[in-house]
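**Student:** What follows is a structure written as structure tokens; I'll ask about it next.
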Amino acid sequence: MIRLIALLTATAFAVAGCDAPPSQYVGPTFGQMGATGSSSVAPRQENVGFTVAPPNAPSGAAVDNFAAGFLGTLQAGSFAGQREYCGYIFVDGAGRLQATPPRAGTFASCLMPEPRVGQGIIASYHTHGSYDRRYDNEVPSVVDLQSDFDYGIDGYVSTPGGRIWLVDFQTKSTRQICGLGCVAIDPNFRPQNDGDIRASYTLPALQRRSNES
């Protein structure tokens, strides 16, 4: 597991801030929905029934609280840098929850190394950067869900309004685990169609939301 941390740390700092991934880059991509409903990146094809998560991987409140706490520490830097940050949550050799060092993305997307079986990875995490009225970034995007589903893992997303979302691979849906302001809010944040934000979404419901934007 130490080797995993070292590998992902080296990779993260080698390409941090680069818009174009290296040629060997085949990992998940996260992207926000624009005002027209389109995402900044193309969706991946879901691998039904495939997962890199270990058997009996932890889930529930313990993982939710760990993810929310960790994402909370990334909010200020994400706002100031006007970029997403992303990484993985994994279980180390002692059974403890850990997070890989955050990788710097662009304003509306973040790319990561491919997770593999045996690395203890149970979920992805990423911020949605700073507020911009052109983006529907108070909810996860279709791409966010498809990227996690493609590897059979859960995901956690923090928003400029301080929401935390869980992308749930088992139910193929996403839901808020804490609402507006539960972690740091972007000082420039302005509520935008907040009355239309549901507590949870299926993938088809998010697709309809993006088409109606």
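The values are calculated or read from the model by the stated rules, or taken from the named source; none is laboratory data. All of these numbers come straight from a predicted model, not from anything done at the bench. Every residue, glycine among them, receives a Cβ derived from its backbone with ideal geometry; neighbour counts consider all protein chains shown.
**Student:** Determine whether the range 165-174 contains at least one residue that is among the basic types (K, R) and out of contact with any helix residue (DSSP H, G or I) (no Cβ under 7 Å at 6 or more places or on another chain).
**Tutor:** Scanning the range 165-174, I find no residue that is among the basic types (K, R) and out of contact with any helix residue (DSSP H, G or I) (no Cβ under 7 Å at 6 or more places or on another chain), so the answer is no.
**Student:** If only one of R208, R133 is of a type in the set (D, E, K, R) and part of a loop (DSSP other than H, G, I, E, B), which one is it?
**Tutor:** R133
**Student:** If you take just the strands (runs of 3 or more DSSP E) that sit entirely in the range 43-125, which of them hold at least 2 residues that are within 13 Å of the chain's Cα centre (by Cα)?
**Tutor:** 85-91, 109-111
**Student:** Please verify whether the range 186-194 includes one or more residues that are assigned to a helix (DSSP H, G or I) and either free of Cβ contacts under 8 Å to residues at least 60 places away in the same chain or within 25 Å of A80 (Cβ to Cβ) (or both).
**Tutor:** Yes, the range 186-194 has at least one match.
**Student:** Same structure again: Consider the range 157-213. How many of its residues are among the acidic types (D, E), buried (at least 17 other Cβ atoms within 10 Å of the Cβ) and at pLDDT below 95?
**Tutor:** Number satisfying all stated conditions: 0.
**Student:** I would also like to ask the following. Keeping to the range 195-205, report how many residues are within 21 Å of K172 (Cβ to Cβ) and part of a helix (DSSP H, G or I).
**Tutor:** Residues in the range 195-205 being within 21 Å of K172 (Cβ to Cβ) and part of a helix (DSSP H, G or I): 3 in total.
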